[in-house]
Amino acid sequence: MTDRLALPRRRTRREEILEIAVELFATRGYHGVSMDDIGGAAGVTGPALYHHFAGKEAMLAAALTPVSEQLLAGGRDRVAAGGTAEEVLAALVGFHVEFALEHPAVIALHLHELDRLPPEPRREIRRLQRLYVEEWVAALIKLRPDLDPAEARVLAHAAFGLMNSTPFLGGEVDRERRSVLLRASALAALGG
């Protein structure tokens, strides 16, 4: 029996186009980008993009919905892993900081373009986001029983503001140091 090396999965053309669209939306804004712009950056004609996506709204939904699903799944995984209240909160913060550092363009889209979506995908993303926040609320209340759920939500959203600052951070500080600073800041804001 021979061991086979697992080869990384090759990205589909759809995934490549979506990544290009996300970068363009993040840097120029949703309304500042046309299907022709995306096609030009992807090396295809604008009309050929309709083979992969129904339009810009579909691209935006395809970019944002999986992100909310990934955040919720990752948050639930950190909580399920258990540990002390401090360890669970540190795991949540670490997960979110790394996600935000890895995907600043997607974070920018969530912050600035979510309202461009049609009602149904926007409702689904908001539902996923609320579930993710509630994972944080439960973890915070375990750490700080003095908080009621509404207060814990305020703190969770404040921490998200810190951690989701990644699209606005320049390159003056290397990635590892940014991670350390963001983790420390979020934990300090949450720990009271």
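Couple of notes before you dig in:
- M59 passes every criterion in (1) in a helix (DSSP H, G or I); (2) open to solvent by 10 Å² or more (accessible area, probe 1.4 Å) apart from (2).
- Residue list for the stretch 33-56, restricted to those being loosely packed, with under 14 Cβ neighbours inside 10 Å and either within 15 Å of L114 (Cα to Cα) or among the aromatic types (F, W, Y) (or both): Y50
- Count of the stretch 139-160 residues, restricted to those that are over 20 Å from the mean Cα position of the chain (by Cα) and part of a helix (DSSP H, G or I), is 8.
- Scan of the stretch 103-130 for residues that are open to solvent by 60 Å² or more (accessible area, probe 1.4 Å) and not in a loop (DSSP other than H, G, I, E, B), ordered by number: L111, H112, D115, R116, P119, E120, R122, R123, R126, R127, R130
- Per the conditions (1) over 25 Å from E151 (Cα atoms); (2) among the polar types (S, T, N, Q); (3) without any contact (Cβ under 8 Å) to a residue 12 or more places away in the chain, the sole criterion not satisfied by T65 is (3).
- Top-ranked residue in the stretch 62-86 [being surrounded by 16 or more Cβ atoms within 10 Å (Cβ to Cβ) and aliphatic (A, V, I, L, M); ranked as farthest from A156 (Cα to Cα)]: A62
- Output for the stretch 131-170, where each listed residue is among the small types (G, A, S) and either free of Cβ contacts under 8 Å to residues at least 12 places away in the same chain or open to solvent by 20 Å² or more (accessible area, probe 1.4 Å) (or both): A138, A150, A158, G161, S165, G170
- Filtered by the rule that a residue be hydroxyl-bearing (S, T, Y) and touching a Pro at 6+ places or on another chain (Cβ under 9 Å), the stretch 121-164 gives no residues.
- Count of residues meeting criterion [of a type outside the set (A, V, I, L, M, F, W, C) and either in a helix (DSSP H, G or I) or under 14 Å from L89 (Cα atoms) (or both)] in the stretch 161-192: 12
- The one condition in (1) surrounded by fewer than 17 Cβ atoms within 10 Å (Cβ to Cβ); (2) over 18 Å from P167 (Cβ atoms); (3) touching a residue at least 12 places away in the same chain (Cβ under 8 Å); (4) of a type outside the set (F, W, Y) that L89 fails to fulfil: (1)
The values are calculated or read from the model by the stated rules, or taken from the named source; none is laboratory data. No experiment lies behind these values; they were computed from the predicted model shown. Quick reminder, even Gly has a Cβ in these numbers, built from the backbone with ideal geometry, and neighbours come from all protein chains shown. Remember, those area values only see protein heavy atoms, side chains included, never the ligands or the DNA or RNA. Shrake-Rupley method; radii C 1.70, N 1.55, O 1.52, S 1.80 Å.
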